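The values are calculated or read from the model by the stated rules, or taken from the named source; none is laboratory data. Everything quoted here is computed from the prediction, not taken from an experiment. Cβ coordinates were reconstructed from backbone atoms using ideal geometry, including for glycine residues, and neighbour counts include every protein chain displayed. The area values use the complete protein model at the heavy-atom level, side chains included, leaving out ligands, DNA and RNA. Shrake-Rupley method; radii C 1.70, N 1.55, O 1.52, S 1.80 Å.
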Amino acid sequence: MAIDRAEAARIAELARLRVPDDELDRVAAQLSQVLAFAATLDELALAGEPLTAFASPDAPLRADRPDGRTLDPETATANAPEAEAGFFIVPPVVENLEP
């Protein structure tokens, strides 16, 4: 499937990316190459091949052991724009609408 200039602009808009008009042809070509590569994966004859995974579903990815490194609150907040008593001070994300 080839991506044209208009489709590349639409994809950029959906992804909330600013792509200059003079770059749309290049982006469209690159997206087309990605889709062409993905299409070649469909051509692989994998029938009868065992499923594989990067890690066994029964085994943890790593041993969950602490390594002994710690960071005290004063050091952690030393370069923070605002901190108090070892805590970061940040602007509220959700304000109380009903006091």
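Based on the Cβ-Cβ distance of Ser32 and Val93, what FRET efficiency does E = 1/(1 + (r/R0)^6) give at R0 = 30 Å, to the nearest 0.05? Step by step, r from the Cβ atoms, then E = 0.15.
In this structure the amide hydrogen of Ala83, modeled in the peptide plane, comes within under 5 Å of the amide hydrogens of Ile89, none closer than 5 places in sequence on its chain.
By the scheme Lys and Arg +1, Asp and Glu -1, what is the net charge of all other residues having a beta-carbon under 13 Å from that of Leu35?
Working: positive: none; negative: Asp4, Glu7, Asp42.
Residues near Leu35 contribute -3 overall.
As a fraction of the 1.4 Å probe accessible area of the chain, surface on carbon and sulfur atoms comes out at 58 percent.
Between the Cα long axis of helix 5-14 and the first principal axis of the chain there is an angle of about 20°, rounded to the nearest 10.
Which number comes out as Rg/Rh for the chain once both Rg and the Kirkwood Rh are worked out on C-alpha atoms?
Rounded to two decimals, Rg/Rh equals 1.22.
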